[in-house]
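K.L.:
Just passing along the structure, written as structure tokens.
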Amino acid sequence: MNKSKRPFTKSKRSFRRRLPPIQSVDRIDYRNMSLISRFISEQGKILSRRVNRVTLKQQRLITIAIKQARILSLLPFLNNQKQFER
């Protein structure tokens, strides 16, 4: 009897790594509105690092850039426009 050590092995799934949302060429800056707007929810809140899938350093830079854009009134602080549906 030749028993294998692991009778029930899980099949190794091959999965494609997700591309990072911020490339090394992108500058995280308050003027780069196309980049910053990807990290804000519909309500105008800054999305968390887990949702964004960015590094800690990138998340800090994004947060600072969003806050600077808000102060310079390039971005709204809140987006409370209620969508009324009938």
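K.L.:
Taking every pair of distinct Cα atoms and averaging 1/r, then inverting, what Kirkwood hydrodynamic radius in Å comes out for segment 17-86? Before the final figure, lay out each step's value.
P.N.:
Values: mean 1/r = 0.0772 Å⁻¹.
About 13.0 Å, per the Kirkwood formula over Cα pairs.
K.L.:
Per-residue HN-Hα couplings for segment 52-66, Karplus 6.51 cos²θ - 1.76 cosθ + 1.60 at θ = phi - 60°, whole Hz, x for Gly and Pro?
P.N.:
Result, ordered by residue: 6, 6, 10, 7, 5, 5, 5, 5, 4, 5, 4, 4, 5, 5, 5 Hz.
FYI, it's all coordinate maths here, none of it is from the lab. The structure displayed is predicted, hence computed values, not measured ones.
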